[in-house]
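Structure record follows, encoded as structure tokens.
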Amino acid sequence: MRPIRATIDLAAVRANLAVVRARAPGARVWAVCKANAYGHGLARFVPVILTADGLALLEIESAIALRQAGNTQPILMLEGAFDAPELADCAKYNLSLVVHSHEQVRMIVSARPAKPLSVFLKFNSGMNRLGFHAAGLRAAVSTLQGHANIASLALMTHFADADGEPGVADAFARFNAASAGMNLRATLANSAAILRYPQTHREWVRPGIMLYGCSPLPDQTAESIGLQPVMTLKSRLIAVRDLAAGDRVGYGGTFAAERPMRVGVVACGYADGYPRHAPGTREHGTPVLIDGVRTRTVGRVSMDMLIVDLAPVPAANVGSEVTLWGEGLSADEVATAAGTVSYELLCALAARVPVDVIDGNST
Ligand SMILES: *Cc1c(COP(=O)(O)O)cnc(C)c1O
């Protein structure tokens, strides 16, 4: 077997949920677990998050699978129903749903759901992806409030800039203006807003990345927020070699040794989910741990392998342990070096990587 493995630490999920609770003490928590729980495996993640107040995702087949496995938590479908049969399933399986368009409002009004639906009307606060503008929100509320197909009505928005420099002031003001006088409950805050904007917590918060132990904020590390990495991706060196000055490594020879140096070949490549664009030039490498010692990648990442500089770890040899991200090396840091975000690294973990589940230090 190739030596690459991912470890998922359930104790870290619990600890991260406790951080969410501490930072948003008055709010209920929708644990966001779309995209197969950000690549961690929904079936592994959900049993440890049963103390969340609900689950939020957007793939109906995942929601139905949870119900069929006996899960009775509230579930919120983040993009609502994609068609009429899906709307029927939302009623049948007791799934709350976001309604973000007039088409979806019409679908609800003309449906005959098995049970009245629990709906979150989505306001477009500036992302310009999904959601109603102010007038459309008012129209949707007046159509749906008190309608026989509606069991409960609440509001939602998703901030475009909770993690960035502009912040949420403008979006939050727009939401407050659009919803003034409606007297409806609301869910606004993702992880970044949970941490930076307590005024947006309202009745429910929607943490995703925090639960997986990564930082949503560019200027704060996960560790400084008290978050623990849930996924650790490890492999081993499968070859070591000595380069002479001028020798190049990897496809395209994008890295050339300036002087004699020792490099190691790691059994991990982009087909495992490691980002192919992680730099390995002379000026910029991507951080990696060999036997716990920090070093960097050299050359291009290939499908099944990548190459690392062994200068800081002279004792390293074939079989030495390599940490690509997780415990001891934040996925945020690797993502930043590779010009992406930790979300993408976690979600991209490939199906071919075997996963071990641990609970703290005990397997
Ligand atoms: C993914 C998602 C979230 C969670 O965002 P994080 O940045 O991971 O906390 C919250 N709300 C919506 C609508 C989402 O799509």
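The values are calculated or read from the model by the stated rules, or taken from the named source; none is laboratory data. Everything numeric here is computed off the predicted structure, so don't read it as measured data. Methodologically, a virtual Cβ is constructed for each residue, glycine included, from the backbone with ideal geometry; neighbour enumeration extends over all protein chains shown. Accessible surface is based on the protein model in full, side chains and every heavy atom, while ligands, DNA and RNA are left aside. Shrake-Rupley method; radii C 1.70, N 1.55, O 1.52, S 1.80 Å.
Miscellaneous remarks
- Full-extension gain in nm, T340 to S142, via 0.36 nm per residue minus C-alpha separation: 67.1 nm
- Model label sites at Y251 and Q199, defined 7 Å from Cα along the beta-carbon direction, differ in position by 5.0 nm.
- Computed E for H133/A350 - FRET, C-beta separation, R0 51 angstrom, nearest 0.05: 0.80
- Across all directions, the average projected area of the convex hull around the alpha carbons of the chain is 19.4 nm².
- Taking amide H as placed 1.01 Å from N in the peptide plane, L306 has its amide H under 5 Å from the amide H of V266, C268, each at least 5 places away in sequence or on another chain.
- Computed Kirkwood radius, in angstrom, where 1/r is averaged over Cα pairs of segment 10-214: 17.1
- Amide H to amide H distances under 5 Å link A56 with A31, V32, C33, L76, where only residues 5 or more positions off or on other chains count and H is placed in the peptide plane.
- Rounded percent of accessible protein surface that carbon and sulfur make up, the chain, 1.4 Å probe: 52
- Computed over segment 231-358: relative contact order in percent, which uses C-alpha pairs under 8 Å that are six or more apart: 29
- Residues listed by number, segment 5-38, amide nitrogen under 17 Å from E59 label point at 7 Å toward C-beta: 32-38
- Here M107 sits with roughly 40 square angstrom of accessible surface, probe radius 1.4 Å.
- Comparing H284, G246, I75 along the charge dipole axis of the chain, the residue lying farthest to the positive side is I75, per the Cβ-charge model.
- Phi-based couplings in Hz for segment 159-176 (Karplus 6.51, -1.76, 1.60; Gly and Pro marked x): 7, 7, 9, 5, 9, x, 5, x, x, 9, 3, 5, 5, 5, 5, 5, 4, 5
- For segment 150-188 and segment 285-344, distance of Cα centres in Å: 40
- Heavy-atom accessible area, probed at 1.4 angstrom with all protein chains present, ranks S110, S152 as S110, S152, highest first.
- Residues considered: N183, N124, N71. Largest GNM mean-square fluctuation over the chain, using C-alpha springs under 10 Å, is found at N183.
- If the Kirkwood radius is taken over C-alpha pairs of segment 231-358, then at 20 °C and 1.002 mPa s the Stokes-Einstein diffusion coefficient equals 149 µm²/s.
- Among H201, H102, H158, the largest mean-square fluctuation in a Gaussian network model of the chain, built with springs joining Cα atoms closer than 10 Å, belongs to H102.
- Once backbone amide H atoms are built at 1.01 Å from N, A350 has G273 as its partners under 5 Å, excluding neighbours fewer than 5 places away on the same chain.
- Cβ-derived FRET efficiency at R0 35 Å, S152 paired with S110, nearest 0.05: 0.95
- For segment 273-347, size of Cβ-based charge dipole, Lys and Arg +1, Asp and Glu -1, in debye: 260
- The residue among A160, A335, Y274 whose Cα reaches farthest toward the positive pole of the charge dipole of the chain, with charges on the beta-carbon of Lys, Arg, Asp and Glu, is A160.
- Here each label is just a point 7 Å from Cα along the line to Cβ, and for R67 and V318 those points are 5.4 nm apart.
- Per residue accessible area in Å² of the chain, where ligands, DNA and RNA are left out and the probe is 1.4 Å: 44
- Computed helical MRE - 222 nm, the chain, DSSP H runs ≥ 4 contributing -39500 (n - 2.57), nearest 500: -7000 deg cm²/dmol
- Karplus-derived 3J(HN,Hα), 6.51/-1.76/1.60, for each residue of segment 262-267, Hz, glycine and proline x: 9, 10, x, 9, 9, 7
- Those trypsin sites (Lys or Arg not before Pro) in segment 90-158 that DSSP places in a loop and that have at most 11 other beta carbons within 10 Å: R129
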